[in-house]
Amino acid sequence: MSCSPYCNSCQQKLIKKLQAEKAFLEEIQRFQETMKSFREKIKGFRENIRDFKMAIHAFCDEEKPIWEEEAAFREEEKAIQEEAEAFWMVYRDFWKDCNAFWKKDKDFWKGDKLLWEKDRVLLDEDRVLWADEEALWADETALLEEERALWENEEALQEGEKKTSRSMKG
């Protein structure tokens, strides 16, 4: 009937949805790994800050500048800031993709609901057609019964005419 193309369409949409969900979960896993890496780098950065502060105190005590370590520290800080900016861009894009995914999911279910409603209307129309067809079969059966009754009456009349014509001849 009309259900087969609908079912195939729904299966294809469901497969696409499942693939999108799988890709979304993989994106979340990559995001979590990026977060873990970023946290480790922040931890390392904090340890470097602590070490640097201790070095400053030691050198301040001796009144020796630590320009080389400070320059290296600033380079490392700059690299971490660049990574942080990149991370926040990825984070922002991730949430944009997440929101887009949920909007597509919402639209998918709206479309699915419309298809179910159309399918229900078609099934109702099928029921009406089946009822009409059943009524036509009943009418046709009644007409055939009437026709058979007419033939039987006609045969009986012909049989009666034959008997009457034989009795008149005899």
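The values are calculated or read from the model by the stated rules, or taken from the named source; none is laboratory data. Bear in mind the structure is a predicted one, so any value in this text is a computation, not a measurement. For neighbour counting, all protein chains shown are included, and Cβ atoms are generated from backbone atoms with ideal geometry for every residue, glycine included. The area values use the complete protein model at the heavy-atom level, side chains included, leaving out ligands, DNA and RNA. Shrake-Rupley method; radii C 1.70, N 1.55, O 1.52, S 1.80 Å.
Kirkwood radius and radius of gyration were both taken over the C-alpha atoms of the chain, and their ratio Rg/Rh is 1.72.
Which of the lysines could a cross-linker bridge to Lys106, judged by Cα under 29 Å and excluding same-chain residues fewer than eight apart? Candidates past the 8-residue exclusion: Lys13, Lys16, Lys17, Lys22, Lys96, Lys118.
Estimated purely from DSSP H runs of n ≥ 4, each contributing -39500 (n - 2.57), the mean residue ellipticity at 222 nm for the chain is -36500 deg cm²/dmol once divided by its residues. Here the mean projected area of the convex hull built on the C-alpha positions of the stretch 94-170 is 6.2 nm².
Projecting the Cα atoms of Ile28, Pro5, Leu136 onto the charge dipole of the chain (Cβ charges, centred on the Cα centre) puts Ile28 farthest toward the positive pole. On a 0 to 90 degree scale, rounded to 10, what angle separates helix 67-169 from the longest Cα axis of the chain? Tilt relative to the chain: about 0 degrees.
Residues in the stretch 27-138 average 84 Å² of solvent-accessible surface per residue, probe 1.4 Å, ligands and nucleic acids excluded.
The HN-Hα couplings worked out from phi for the stretch 19-26 by the Karplus form 6.51 cos²θ - 1.76 cosθ + 1.60 (θ = phi - 60°) are 5, 5, 5, 5, 4, 5, 5, 5 Hz, whole numbers, x standing for Gly and Pro.
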